[in-house]
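Quick notes on the structure that follows.
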Amino acid sequence: MNQQKIPATVITGFLGAGKTTMIRNLLTNAGGKKIALIINEFGDLGVDGEVLKGCGAENCTEDDIIELTNGCICCTVADDFIPTMTKLLEREQRPDHIVIETSGLALPQPLVAAFNWPDIRTQVTVDGVITVVDSAAVAAGRFADDHDAVEAARNDDDSLDHESPIEELFEDQLTCADLIVLNKTDLIDEDGLGRVKSEVASRIARRPVMIEARNGEVPAGVLLGLGIGTEDDIANRKSHHELEHEEGAPHDHDEFDSFVVELGAVSDPQGFVEKLKGIIAEHDVLRLKGFIDVSGKPMRLQLQAVGSRIDQYFDRAWAPGEARRTRLVVIGLHEINQDAVRKAIEALVQG
């Protein structure tokens, strides 16, 4: 197997910011790199795919363009994105670079975090997150060219289970960026551009590089090859949604519930995992993830489950003074019987 990690570039930004145009320019000027493209765009889904498939780039054929249509990629990472990436990596001829266009309404943070999944992290790294900004809209005091249309799309799409206001989504997309492309600068004057730069900078604590662009025309050499490894820095790019959870705010997803089960040490991790599979199947648990304190082991065992498939590996040693504990996050549909699941998991250790 090829041990060199494939770089992946995540491109985010509001609807109408110019992501698809920029990607089309990228594909036609990629310098011979074989690029695989994953598209997850609401409303324009299908349109974007057809535009990109028609660009005639030899290095990105129709087979290399994958559209995800089952919901927001940031909320269906386990169901959609991970299987898609797995199939892509199983190809005989693997891509030189992967480009992912997120929904204009998506939080990029969960997507970047998914690159730490065991099946992905050993083969792919996030080369960088690029956030495209509609400079003309920001200069006019909006975040998108048609603010009402973006708001309506966000409210009407049942597959979006996060309810962040547009202003927060804008900030979250900026917060996750390694490179911010101020697009459509040809539509504003120097004073307007100055206001845009100040507005964008005021929205984030980090200071990613900002560049200017017209019609999404950015050289491939600028967009690709950043070499950031963003997945290793995701803890410094938390969204409003994540920060609210840390502050004790209730989970606001409409369709899904999540809860934490804390346990003591596990003496038989293999037996524990096998019994977990039965609990997951019985209670329709969608995802289960966390860390296990294995008796007599100096290292922490990380666990990731999607349905009955469970991946586990020792990720690091317990730090001196760190409280050793088993802590699992359970995610299911809103009608999941939390008490029953919690008691069943606790019984695995108590028994």
So for region 189-239, using the alpha carbon gyration tensor with a ≥ b ≥ c as root eigenvalues (a/c under 1.5 gives rounded; past that, a/b versus b/c decides prolate or oblate), I'd call it oblate
Along each principal axis, Cα extent of region 82-144, largest first, Å
48, 22, 17
Residues with beta-carbon under 14 Å from that of residue 5, excluding residue 5: net charge, scoring Lys, Arg +1 and Asp, Glu -1?
-3
Protection-proxy order for peptides 317-324, 6-13, each taking the mean of Cβ atoms within 10 Å per residue, highest first
6-13, 317-324
For region 259-351, what does the alpha-carbon gyration tensor say about shape, rounded, prolate or oblate, given a ≥ b ≥ c as the root eigenvalues, a/c under 1.5 as rounded, and a/b over b/c as prolate?
prolate
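Bear in mind these aren't lab numbers, they're just calculated from the coordinates by the rules spelled out. Owing to the predicted nature of the structure, the values given are computational and were not obtained by experimental measurement. Note: ideal-geometry Cβ built from the backbone for every residue, glycine included; neighbour counts use all protein chains shown.
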